[in-house]
Amino acid sequence: MSALRERAQLIPEPELRRGAEVVAEGRAMARRIVPGRCAFLDHYGVETEAEYKRRCVAEGRVMLHAAIGYRDPFRTARACTEVWEALDKKGYRLDRFGLVFDRNMGYPPEMRAEMPKDTGLINDTEEAWHAIAAAAPAAPYYGDFMIGQPASFENAAMAIETGATMMGNLSHFYNYRLLYIEDEVGRAESTVKAIALLGAQPKEMYVGSNADDGFGPLFTDLACTFGLVLVEKYLVETLIGARHATVYGNMFADPRTRMAFQRALAMVGEETGPMVYGATTLYGPDLDANYASLSHYLTFDIATLRDRPTGHALTPIPVTEYTRIPEPGEIVEAHVVANRLIERAATVEPLIDFAVVDQIAEDLVAGGERFRDALLKGFAEAGIDTEDPVELLLAVKRAGARNLERWYGPGEEDEATARGRRPIVLVENIAELEAKGDAILAAVPTDQAEKIAGRGYAACVATTDVHEYGKLLLEHVMRGLDVETIDGGVSADPARLVARAGESGADFIALSTYNGMALSYLTRLREAMVAAGLDIPVYIGGRLNQVPDGSNTNLPVDVSGRLAEAGAVVCGDVDAMLNRLAGDAAPADRAA
Ligand code: B12
């Protein structure tokens with residue numbers, strides 16, 4: 001979309017329910033849905049996690065967060081107890097658990113039985129919610145597939161009634177699309193209604209938003225990421241009358257931007273942040289190397305959280321993160337590393353010049369405010385009601401990261417850059433991904449490159465879930481080899497992907513998958529291809545695993561062999577596909 005001229009480009013619906021009505025409905029429900037208790041609140045004698053966080057900041061304590069979530073809620077509850085007690089025995093305290101829901105929890109409860117399941121936690125009964133709440137004296141933080149999803153309201157209500165006072169995850173509204181369910185307007189209304197419910201509670205409650213789960217990973221300018229946080233604070237605090245708290249960290253590999261983002265949040269008054277997430281993209285298959293990455297990012301997170309507290313807890317990521325969801329013992333190990341680094345922190349701080357990162361933080365705040373103001377002004381000029389939370393949320397989502405940065409980025413216009421603007425603070429991920437793609441292209445033997453380019457291929461590239469980097473990398477490499485790239489979508493429904501590949505005359509599908517559903521997705525895709533009479537190769541790569549049905553470990557296993565049996569071309573990396581494309585019979589020959 002070259003420019004935003006009129007409302008209908010983003011909001012074609014002639015009629016939308018007024019946001020104020022949805023907010024009123026959510027607030028009214030607070031008479032019926034009241035805060036419950038949990039082991040954490042009782043153990044520390046507090047009313048809310050915010051109260052606890054302020055107490056810890058006053059004591060100079062750096063708090064700690066652990067992400068956890070196995071399909072079986074009772075196994076998850078036992079694991080929470082096990083982790084908390086193991087650390088307690090070592091004299092360490094775990095302050096909060098990030099309960100990692102499965103995508104299945106995003107669906108309205110009555111649909112879940114029929115919908116896909118991946119590797120995460122599924123609270124399928126009230127007993128399950130209560131078991132988690134009672135498992136250990138650590139604050140329960142439901143941060144995935146909660147607010148932002150079709151079941152925002154139902155899940156927020158259960159979390160409130162079982163003692164949670166902070167919960168995620170507004171940014172999921174932008175790109176955490178669920179398969180087989182379409183209703184964006186309904187999802188926006190459920191999201192706003194849930195936030196209004198939180199805002200009307202008699203206690204201080206927060207909706208969290210992880211900038212990295214949303215558009216963060218797709219911007220090239222971190223000032224846009226920070227700007228979207230400011231847009232969300234306006235939406236939640238001014239339009240809905242609730243409280244907003246920011247999570248970030250998954251996609252921040254550089255300590256300068258990690259510290260600067262936290263200090264920028266401090267500069268705009270954030271003081272009860274949920275957690276700073278670990279630098280997960282630093283992790284690879286080598287566990288020893290991951291220990292170094294763990295210590296690296298934690299050292300600087302600890303320093304800035306001690307120097308300029310914002311209430312955020314640290315998140316030590318277990319070293320097995322690259323491969324699969326970690327075991328409880330691996331979570332304990334990572335926390336021992338973090339606690340040891342906290343003990344040594346005072347020896348590091350005098351060596352850090354915070355002025356360097358404060359300068360970046362000031363740029364983020366100034367650039368972010370320009371982004372927010374330009375977005376609200378641009379939307380209003382196009383006729384979008386920026387005082388209506390439902391309409392504003394829909395417009396942000398439908399504009400998408402690329403357009404928002406191109407239209408409202410605070411950087412100077414420069415058509416030589418990826419988004420037509422020079423980033424104020426460069427997000428290294430996209431640049432690194434393009435460099436990775438260039439390296440792959442540079443390594444392709446000339447004859448192979450010529451063969452592929454000469455074949456006039458058309459590739460339909462898609463992902464099964466929110467993980468878009470594999471797809472962006474494939475598209476970059478395909479374009480570099482003169483292969484036409486057709487956008488098959490992110491979190492694409494199998495039937496829709498087949499229709500797209502068919503109507504565009506694609507020669508093959510390149511599918512990237514990460515959430516641990518590779519086999520069930522491929523099965524549905526093959527069924528849709530047979531039904532549509534589409535007979536083209538399917539190349540598949542990413543994390544090719546899945547939790548076997550009836551599994552007693554709840555841990556995913558590799559399914560590469562079964563994917564090949566089901567007719568897919570299994571690729572450990574991009575080269576594997578390039579070799580096949582060069583080796584395979586040309587598209588024309590195949591059609592004959
Ligand atoms: C970045 C990331 C995210 C980001 C994604 C940002 C974005 N918009 O893309 C965010 C934070 C949003 C995210 C969310 C989630 N994530 Co995540 N994520 C990761 C992480 C850290 C990196 C994955 C990545 O993109 N790597 C970059 C790619 C380019 O590198 P690569 O994988 O090495 O790819 C190579 C090959 O695989 C190949 N390739 C990839 N695809 C294809 C396809 C073809 C056809 C070919 C030929 C080659 C190919 O190309 C590359 C070069 O060779 C991994 C852990 C890790 N360190 O790998 C977890 C991970 C994949 N995530 C995981 C999970 C569970 C989730 C969530 C479900 C968590 C939750 N409950 O919310 C959500 C997803 C929700 C949803 N709606 O789908 C798990 C998957 C578990 C499993 N399968 O066993 C992992 C392994 C982390 C973990 N240990 O728990 N995630």
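The values are calculated or read from the model by the stated rules, or taken from the named source; none is laboratory data. Quantities reported herein were computed from a predicted structural model and do not represent experimental measurements. Counting neighbours? That spans all protein chains shown, and the Cβs are built from the backbone with ideal geometry, glycine included. Protein only, heavy atoms only, side chains kept; ligands, DNA and RNA dropped before computing areas. Shrake-Rupley method; radii C 1.70, N 1.55, O 1.52, S 1.80 Å.
Quick rundown of the values:
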{"item": "Net length gained if the chain between Lys90 and Glu432 were fully extended (0.36 nm per residue, minus Cα distance)", "result": "119.2 nm"}
{"item": "Computed label-point distance, nm, for sites Asp558 and Arg324 using a 7 Å Cα→Cβ extension", "result": "1.1"}
{"item": "Relative packing of peptides 565-577, 194-206, 3-15 - highest average C-beta neighbours within 10 Å first", "result": "194-206, 565-577, 3-15"}
{"item": "Relative contact order of segment 175-312, defined on C-alpha pairs under 8 angstrom at six or more residues apart (%)", "result": "22"}
{"item": "For segment 201-360, diffusion coefficient by Stokes-Einstein and Kirkwood Rh (Cα), 10 °C, 1.306 mPa s, µm²/s", "result": "96"}
{"item": "The chain, helix-only ellipticity at 222 nm - DSSP H runs n ≥ 4, -39,500 (n - 2.57), divided by all residues, nearest 500", "result": "-14500 deg cm²/dmol"}
{"item": "Antiparallel content of DSSP bridges confined to the chain, in %, to 5", "result": "10"}
{"item": "Peptides 441-452, 369-380 ordered by average Cβ neighbours within 10 Å, highest first", "result": "369-380, 441-452"}
{"item": "Glu47 versus Arg340: modelled label distance in nm, points set 7 Å from Cα along the beta carbon direction", "result": "4.2"}
{"item": "Percent accessible area from carbon and sulfur atoms, segment 324-458, protein chains only, probe 1.4 Å", "result": "52"}
{"item": "Reciprocal mean inverse distance between Cα atoms of segment 461-502 - Kirkwood radius, Å", "result": "10.5"}
{"item": "Pair Ala449, Arg37: separation of 7 Å Cα→Cβ label points (nm)", "result": "6.9"}
{"item": "Ordering of 79-89, 250-260 by burial proxy (mean other Cβ atoms within 10 Å per residue, highest first)", "result": "250-260, 79-89"}
{"item": "Rg/Rh for the chain, where both radii come from Cα atoms and Rh is the Kirkwood radius", "result": "0.96"}
{"item": "Kyte-Doolittle mean at least 0.0, axial Cα span of 27 Å or more - DSSP H helices of the chain", "result": "287-307, 354-381"}
{"item": "Computed E for Arg496/Glu413 - FRET, C-beta separation, R0 60 angstrom, nearest 0.05", "result": "0.95"}
{"item": "Over segment 442-592: Kirkwood hydrodynamic radius from C-alpha pairwise inverse distances, Å", "result": "15.7"}
{"item": "Filter on Lys53/Lys377; Lys53/Lys203; Lys89/Lys117; Lys117/Lys233; Lys193/Lys233; Lys397/Lys471 - keep pairs with C-alpha separation over 26 Å", "result": "Lys53/Lys377; Lys89/Lys117; Lys117/Lys233"}
{"item": "Net length gained if the chain between Ala439 and Asp482 were fully extended (0.36 nm per residue, minus Cα distance)", "result": "13.8 nm"}
{"item": "Label point at Tyr180 placed 7 Å out along Cα→Cβ; residues across segment 140-172 whose backbone nitrogen lies under 14 Å", "result": "none"}
{"item": "Positive minus negative residues near Ala345 (Lys, Arg vs Asp, Glu; Cβ under 13 Å)", "result": "0"}
{"item": "Stretchable slack from Asp307 to Ala374, in nm (0.36 nm times residue separation minus alpha-carbon distance)", "result": "20.9 nm"}
{"item": "Separation between Cα centres of segment 235-260 and segment 454-510, rounded to whole Å", "result": "32"}
{"item": "Assigned charges on the beta-carbon of Lys, Arg, Asp, Glu; segment 429-591 dipole about Cα centre (debye)", "result": "300"}
